[in-house]
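Shown next, in structure tokens, is the structure this report addresses.
The values are calculated or read from the model by the stated rules, or taken from the named source; none is laboratory data. Since the structure is predicted, the reported quantities are computational estimates derived from the model, not experimental observations. Positions of Cβ are generated from backbone atoms using ideal geometry, with glycine treated the same way; all protein chains shown enter the neighbour counts. For accessibility, only protein heavy atoms count, side chains too; no ligands or nucleic acids. Shrake-Rupley method; radii C 1.70, N 1.55, O 1.52, S 1.80 Å.
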Amino acid sequence: MAPLWPLHGANLGTLLRTCDAVGACMAVPRLPWVPEALARGNTLRHPACVHWTGRDACRWLGEQRTAGTRIIGIELAEDATWLADLPPARQRTIALLAHEQTGIPAEALDLVDMAVEIPMIGTGASLNVAVAGSLVLYRLAGFLLWLSFGTC
């Protein structure tokens with residue numbers, strides 16, 4: 001999980017616990033407030049798996065892609081795959097989270113192998129970044145099955 005453009009510290013703690021739940025690591029930029037946000041949100045009994053990316057997120061993503069890592073952008077995009085159609089990860093995969101207000105920067109989108117969209121039928125435009133990231137992580141881990149519900 002890579003929330004490389006974090007906006008709210010509370011989301012980082014939630015994502016860190018989700019990463020632990022599915023056996024994933026989290027990659028975050030070394031911004032001055034991020035270590036404190038992770039420490040505050042970390043309720044785990046053991047050290048969490050955190051990778052520090054540095055401040056140049058696109059450079060880090062490029063290095064990961066060159067090393068053979070699959071990069072999935074969680075983003076509203078015209079050609080995005082719906083979350084229900086996303087297969088479990090079978091190789092090293094980074095789930096790239098968008099900035100909550102501005103999305104994934106264009107230069108980072110160029111490094112994404114596929115975009116994943118979480119469909120919504122309500123009036124909201126998007127989910128909270130921690131909720132969206134958690135859904136995608138569970139799907140990539142193969143823990144999330146889909147049920148059909150009728151409409152209200």
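Annotations for the structure displayed:
- Test item: Cα-centred dipole of the chain, Lys/Arg +1 and Asp/Glu -1 on Cβ, debye: 640
- Per residue, the accessible area of segment 45-152 comes to 63 Å² when a 1.4 Å probe rolls over the protein heavy atoms.
- Positive-end extreme of charge dipole, the chain - chosen from Leu4, Met120, Cys25 (charges on Cβ): Cys25
- Net charge in the neighbourhood of Gly62 (other residues with Cβ under 11 Å of its Cβ; Lys, Arg +1, Asp, Glu -1) is -2.
- Of (1) 1.40; (2) 0.95; (3) 1.24, the label for Rg/Rh (Cα atoms, Kirkwood Rh) derived from the coordinates: (2)
- Mean-position separation - Cα centroids, segment 23-91 and segment 94-145, in angstrom: 11
- Segment 1-78 - percent of accessible surface contributed by carbon and sulfur, probe 1.4 Å: 51
- For the pair Arg92 and Thr123, label points projected 7 Å from Cα toward Cβ lie 4.6 nm apart.
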